[in-house]
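Undergrad: Please find one structure pasted underneath; my questions will follow.
The values are calculated or read from the model by the stated rules, or taken from the named source; none is laboratory data. Fair warning: this is a prediction, and the values are worked out from it, not measured in the lab. Neighbour counts are summed over all protein chains in view; Cβ atoms, including those assigned to glycine, are modelled from backbone coordinates with ideal geometry. For the accessible areas, the whole protein counts, side chains as well, though only heavy atoms, and no ligand, DNA or RNA atoms are used. Shrake-Rupley method; radii C 1.70, N 1.55, O 1.52, S 1.80 Å.
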2 protein chains.
Amino acid sequence: MITLSEENYLKAILSINLDTKAIVSTNEIANVLDTSAASVTEMIKKLQEKKLVIYKKYKGVTLSKSGCKKAIEILRKHRLWETFLVNKLDFKWSEVHDVAEELEHIKSQKLTDKLDHFLNYPKFDPHGEPIPTKNGIIHPTKRITLSEMVVNSNGIIMGVSLDDKEFLDYLTKLNISIGSNIEVIERITFDQSMKIKIECKPEHISQDVAKNILIKIIK
Amino acid sequence: MITLSEENYLKAILSINLDTKAIVSTNEIANVLDTSAASVTEMIKKLQEKKLVIYKKYKGVTLSKSGCKKAIEILRKHRLWETFLVNKLDFKWSEVHDVAEELEHIKSQKLTDKLDHFLNYPKFDPHGEPIPTKNGIIHPTKRITLSEMVVNSNGIIMGVSLDDKEFLDYLTKLNISIGSNIEVIERITFDQSMKIKIECKPEHISQDVAKNILIKIIK
DNA sequence: AAAATTATTTAGGCTTGCCTAAAAATATAT
DNA sequence: ATATATTTTTAGGCAAGCCTAAATAATTTT
């Protein structure tokens with residue numbers, strides 16, 4: 001049996017893995033989980049007992065095969081639940097994270113599978129992050145930011161790179177959400193702000209906003 | 001902050017309250033939660049500190065106003081989630097309990113409300129139990145078993161009193177589910193079997209089946 | 001009403017997951 | 001290469017929730 005705390009450690013290690021890659025230090029984990037390095041060392045030992053991580057004293061941690069599988073399952077659940085909350089229950093982007101953080105620990109394979117089916121096997125969560133498949137594959141996404149788009153190109157909003165409430169609320173106001181169609185009309189060279197169309201409706205956004213919006217190019 | 005364990009104690013006290021009524025002994029709670037009486041005493045003290053129960057040494061426990069509110073909220077969540085699992089995710093009646101037992105502890109008022117809305121404000125869960133309202137009202141149900149129905153009366157299936165897979169599968173085959181309309185055509189006095197109509201379709205069922213089906217009389 | 005039984009509480013221990021402070025290992029600077 | 005700084009681990013403690021065994025209160029029997 002794997003405890004809630006253990007699941008959170010695995011998740012933390014995976015998330016560090018996914019962006020900074022390779023071997024993870026106890027300090028990094030402590031930062032992510034907002035706990036002490038001493039607690040991390042202690043827990044890492046337990047995870048090693050259970051063969052969920054590979055650990056060499058003073059050298060850092062990596063996920064074992066089974067640990068990685070477990071961590072990806074949690075990530076999958078997290079992103080499926082976020083999708084459920086937004087698509088079915090009408091939550092806003094900015095509201096789903098904490099609730100999904102709880103829901104991701106519900107232990108029922110059947111539930112996860114049926115939820116996936118119910119949501120029609122979504123590939124991306126409301127933040128544009130890929131949802132791991134049932135077999136644990138995380139399809140890599142090659143996304144660019146809106147600020148990198150060239151004038152006259154079209155794309156689809158895939159997510160955001162900033163998890164700030166004010167920012168997300170502003171996007172809601174602009175009617176920007178996952179899957180929205182976007183077209184770049186003009187770039188103002190002076191301040192790098194952009195005139196765009198969201199679902200054919202013209203808007204004008206600053207560079208600060210544009211650089212935190214992730215796009216999949218379609219033309 | 002109320003812990004998972006505390007929630008389970010409150011729920012246990014409420015459930016004893018709902019059927020045997022009145023004051024609850026530590027032993028009864030211990031039985032329901034499958035724990036020791038000593039542990040119960042200990043926890044009850046903590047719940048008293050938090051004003052969630054009223055407790056006199058050696059005299060038993062009752063829920064305080066706030067404790068009762070809290071317990072009903074958990075019950076509400078449990079029954080809403082069961083409804084979700086059956087109605088939306090296509091779980092069978094017999095499969096939902098354990099998962100709902102986990103889901104009921106997710107702490108988000110907003111989630112509960114939105115789920116309620118999504119399910120279209122159901123009044124009964126898949127077992128025919130009433131779902132407490134947002135303000136904590138549990139509408140009492142006066143249900144009888146199908147075997148108690150008189151000939152020519154009509155009713156609505158409210159649930160079952162037996163959680164057996166074979167039984168439930170048989171009901172599915174007969175097209176009997178929550179909300180189905182039922183009419184009693186004839187009772188065979190010899191073996192107390194019954195001719196009925198489920199949604200206007202004639203069937204013949206044994207007493208063993210009839211006595212495990214719960215009905216709300218409508219005419 | 002005293003004795004016996006049963007229910008409840010107290011006492012002392014255990015595990016999990018956290019903490020801080022100190023020690024040890026590693027990395028960095030001189 | 002040695003001294004200093006940083007990172008990591010060890011050591012010792014604490015709260016939550018559980019346990020068993022023993023003590024005490026309440027109830028039932030005789």
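Undergrad: Take a quick pass over the range B:81-138 and tell me how many lysine pairs come in under 15 angstrom between Cα atoms, counting only ones 8 or more apart or on separate chains. Don't jump to the answer; show the numbers that get you there.
TA: Details: B:LYS88/B:LYS114; B:LYS107/B:LYS134; B:LYS110/B:LYS134; B:LYS114/B:LYS134; B:LYS123/B:LYS134.
Value for the range B:81-138: 5.
Undergrad: Also, quick follow-up: Skip the ligands, DNA and RNA, and give the accessible area per residue of chain A with a 1.4 Å probe, whole Å². Walk me through the numbers on the way to the answer.
TA: Numbers: 11770 Å² over 219 residues.
Spelled out: the 1.4 Å probe surface of chain A, per residue, equals 54 Å².
Undergrad: For A:ILE144, enumerate residues with amide H under 5 Å from its amide H, sequence gap 5+ or separate chain, H modeled in the peptide plane.
TA: Under 5 Å from the amide H of A:ILE144: A:ILE215, A:ILE217.
Undergrad: Another question about this same structure. Quick one: work out Rg over Rh on the C-alpha atoms of the protein assembly as shown, Rh as Kirkwood radius.
TA: Details: Rg = 27.0 Å, Rh = 25.6 Å.
Radius of gyration relative to Kirkwood radius: 1.05.
Undergrad: While we're on this one: If R0 is 41 Å, what FRET efficiency do you get for B:LEU119 and A:LYS211 from their C-beta distance, rounded to 0.05? Before the final figure, lay out each step's value.
TA: On the way: r = 40 Å, r/R0 = 0.98.
In this case the efficiency is close to 0.55.
Undergrad: Taking each label point as 7 Å beyond Cα in the direction of the beta carbon, state the distances from A:THR20 to the same residue in the other copies, shortest first, in nm.
TA: Output for A:THR20: 5.6 nm, nearest copy listed first.
Undergrad: Starting from 0.36 nm per residue, how many nanometres of slack lie between B:GLU203 and B:VAL151 once their C-alpha separation is accounted for? If you can, show how the numbers build up before the last one.
TA: Numbers: separation 52, 0.36 × 52 = 18.72 nm, distance 1.42 nm.
Going from the current span to full extension adds 17.3 nm.
Undergrad: Right, another one. Could you look at chain A and say what percent of its accessible area is carbon and sulfur, using a 1.4 Å probe and all protein chains? Intermediate results must be reported in sequence, preceding the final value.
TA: Values: 6190 of 11770 Å².
So the carbon and sulfur contribution to the accessible surface is 53 percent.
Undergrad: If you take all C-alpha pairs in the range B:1-84, what percent of them are over 18 Å apart?
TA: Value for the range B:1-84 (Cα pairs over 18 Å): 35 percent.
Undergrad: Then there's this: Over the Cα atoms of the range A:74-141, compute the convex hull volume and normalise it per residue, giving Å³.
TA: Values: hull volume 5.1 nm³, N = 68.
Cα-based convex hull of the range A:74-141, divided per residue, equals 75 Å³.
Undergrad: Give the Debye-formula value of log10 I(q)/I(0) at each listed q (0.17, 0.19 Å⁻¹), with one equal scatterer per alpha carbon of the range B:111-218, two decimals each.
TA: Debye curve over Cα of the range B:111-218, log10 I(q)/I(0) at q = 0.17, 0.19 Å⁻¹: -0.79, -0.94.
Undergrad: Expressed as a whole percent, how much of the Cα-Cα distance distribution for chain A exceeds 26 Å?
TA: Numbers: 10545 of 23871 pairs.
So the portion of pairs separated by more than 26 Å is 44 percent.
Undergrad: Okay, moving on. How much FRET efficiency would the formula 1/(1 + (r/R0)^6) give for A:ILE2 and B:LYS173, where r is the Cβ-Cβ distance and R0 is 51 Å, rounded to 0.05?
TA: Working: r = 38 Å, r/R0 = 0.75.
For R0 = 51 Å, the calculated efficiency reads 0.85.
Undergrad: Suppose only helical runs count, i.e. DSSP H with n ≥ 4. What mean residue ellipticity at 222 nm does that imply for chain A under -39500 (n - 2.57) per run, divided by all residues and rounded to the nearest 500 deg cm²/dmol?
TA: On the way: 8 runs with 93 residues, N = 219.
Dividing the helical sum by the residues of chain A leaves -13000 deg cm²/dmol.
Undergrad: What does the copy distance list look like for B:THR3, label position 7 Å along Cα→Cβ, in nm and ordered from shortest?
TA: 1.2
Undergrad: Also, quick follow-up: Would you mind checking which residues have amide H under 5 Å from B:GLY159's amide H? H placed 1.01 Å from N; only 5 or more apart, or other chain.
TA: Result for B:GLY159 returns B:LEU214.
Undergrad: Amide H of A:PHE91: which non-local residues (sequence gap of 5 or more, or other chain) have their own amide H closer than 5 Å, using H built in the peptide plane?
TA: A:VAL86
Undergrad: Could you state the number of Å between the C-alpha centres of the range B:1-68 and the range A:176-204?
TA: Cα centroid to Cα centroid, the span is 58 Å.
Undergrad: Kindly express, to the nearest 10 degrees and within the range 0 to 90, the angle between helix A:109-118's C-alpha long axis and the longest C-alpha principal axis of chain A.
TA: That helix lies at roughly 10 degrees to the long axis.
Undergrad: Counting protein heavy atoms only and a 1.4 angstrom probe, how many square angstrom of accessible surface do chains A and B bury in total, to the nearest 100? Could the numbers behind the result be given before it?
TA: On the way: alone 12610 and 12690 Å², together 23620 Å².
By this definition, chains A and B bury close to 1700 Å².
Undergrad: Still on this model: Go through the range B:85-119 and flag every residue whose accessible area shrinks by 50 Å² or more with all protein chains in place compared to the isolated chain (probe 1.4 Å).
TA: Residues shielded by partner chains are B:LEU89, B:PHE91, B:GLU102, B:ILE106, B:LEU111, B:LYS114, B:PHE118.
Undergrad: Can you divide the C-alpha Rg of the range B:153-209 by 2.2 N^0.38 Å and report the result to two decimal places? All intermediate terms of the calculation are to be shown ahead of the outcome.
TA: Numbers: Rg = 11.1 Å, N = 57, 2.2 N^0.38 = 10.2 Å.
Computed over Cα atoms of the range B:153-209, the ratio equals 1.09.
Undergrad: While we're here: Between the label point of B:LYS57 and that of the same position in each other copy, find the distances and list them shortest first in nm, with every label point placed 7 Å from Cα along the Cα-to-C-beta direction.
TA: Spelled out, the distances from B:LYS57's label point are 5.0 nm.
Undergrad: Right, something else. Relative to the longest principal axis of the C-alpha atoms of chain A, give the angle of the C-alpha long axis of helix A:37-49, reported between 0 and 90° and rounded to the nearest 10°.
TA: 70
Undergrad: Sorted by accessible area with a 1.4 angstrom probe, largest first, how do B:TRP93, B:TRP81 fall?
TA: Values: B:TRP93 30, B:TRP81 5 Å².
So the residues, ranked largest to smallest area, are B:TRP93, B:TRP81.
Undergrad: From the backbone phi of the range A:164-181, what are the Karplus-calculated ³J(HN,Hα) couplings (6.51 cos²θ - 1.76 cosθ + 1.60, θ = phi - 60°) in whole Hz, Gly and Pro given as x?
TA: So the Karplus estimates, Gly and Pro as x, are 9, 4, 4, 4, 5, 5, 4, 4, 4, 4, 7, 6, 8, 8, 3, x, 4, 8 Hz.
Undergrad: Output ³J(HN,Hα) for the range A:72-78: one whole-Hz value per residue in order, computed from phi by the Karplus curve 6.51 cos²θ - 1.76 cosθ + 1.60 with θ = phi - 60°, and x for Gly and Pro.
TA: 3J(HN,Hα) across the range A:72-78, in whole Hz: 5, 4, 5, 4, 4, 5, 3.
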